[in-house]
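All of the numbers you see were taken from the coordinates with simple rules; none came from a lab. What you see is a predicted model; the values in this text were computed from it and never measured. Neighbour counts run over all protein chains shown; Cβ positions are idealised from the backbone, glycine included.
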Amino acid sequence: MIRRLKSCFFVLLILSTVPGRADEHPPVDAESLKKMAAGEYVVLERRPDETDTLDHRFVTVGAIIEGTQREIWEVINDKEHAADFIDGVLESKVLEREGNRILVEQRTQVGGPKGSYRYRLTHQLTPMTRADFTYSGGELRDVIGSWWIFEGTAPSNHLVVYSLHIDPGFLAPQLVVKSGMKKSMPGTIRSIAREVLRRRTRE
């Protein structure tokens with residue numbers, strides 16, 4: 001019995017050290033998947049973790065990115081250099097790092113009278129597959145979001161989904177804010193795809 005328990009523990013230990021595998025792509029209608037396979041950035045009706053009930057606060061965008069799971073993950077979570085390759089990010093630095101939790105301070109361009117806003121986000125990482133972030137203070141009222149990496153349409157690519165809610169806290173109706181996000185969020189994923197390609201060609 002003890003030998004069997006030791007064997008089970010050993011197997012679990014090995015599994016816990018294996019990097020996460022990209023999940024199969026979430027339920028996406030055939031037309032959206034076709035558009036993404038053709039290189040388009042698509043606004044999705046729901047977050048990957050939503051089933052029957054939709055959280056209408058979020059704007060969710062998906063795209064197929066050329067690159068390995070690790071390449072894409074490393075770019076999405078390179079917060080120290082995000083200002084160098086993500087459009088709209090003016091400053092970005094990691095304030096704290098503890099296991100799969102990091103606290104990041106950023107200054108980004110956000111619509112409003114100031115033009116740019118500084119805030120802090122706590123990121124909870126599920127290595128290689130998902131990153132969730134929540135607001136931890138600053139000049140905005142609220143920010144919540146997630147990144148997912150799913151299997152793509154070919155071994156050489158992956159489906160990346162970016163979901164975001166922003167409440168700037170000033171007189172900006174959510175209808176207007178979300179309309180602007182639907183235009184800007186594809187640019188964020190495009191920045192990720194561009195940086196993945198740049199790093200690959202540099203090596």
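Observations on the model:
- Positive minus negative residues near residue 40 (Lys, Arg vs Asp, Glu; Cβ under 12 Å): +2
- Computed across the stretch 139-181, the Kirkwood radius stands at 12.4 Å (inverse of mean 1/r, all Cα pairs).
- Net charge of neighbours whose Cβ lies under 12 Å from the Cβ of residue 178, counting Lys and Arg as +1 and Asp and Glu as -1: +2
- Per-residue packing, averaged as other Cβ atoms within 10 Å, sorts the ranges 37-43, 185-191, 94-100 into the order 185-191, 37-43, 94-100, beginning with the highest.
- Contour minus Cα-Cα distance for residue 40 and residue 97 (0.36 nm per residue): 17.1 nm
- Convex hull volume of the Cα atoms of the stretch 128-203, normalised per residue: 123 Å³.
- DSSP beta bridges confined to the stretch 26-202 are antiparallel in about 100 percent of cases.
- Diagonalising the gyration tensor over the Cα atoms of the stretch 26-202 and scaling each eigenvalue by 5 before taking the square root yields semi-axes of 24, 20, 15 Å, largest first.
- Proximal aspartates and glutamates to residue 79, defined as alpha-carbon separation beneath 14 angstrom and excluding residues fewer than eight positions away on the same chain: 87, 91, 96, 105, 132, 195
- FRET efficiency, 1/(1 + (r/R0)^6) with R0 30 Å, evaluated for residue 201 and residue 175 via beta carbons: 0.15
- Kirkwood hydrodynamic radius over Cα pairs of the stretch 35-111, then Stokes diffusion coefficient at 20 °C and 1.002 mPa s, in µm²/s: 142 µm²/s
- 3J(HN,Hα) from dihedral phi, the stretch 87-94, Karplus parametrisation 6.51/-1.76/1.60, rounded to Hz, x for glycine, proline: 4, x, 8, 9, 9, 7, 8, 8
- The stretch 177-192 and the stretch 141-157 have Cα centres spaced 14 Å apart.
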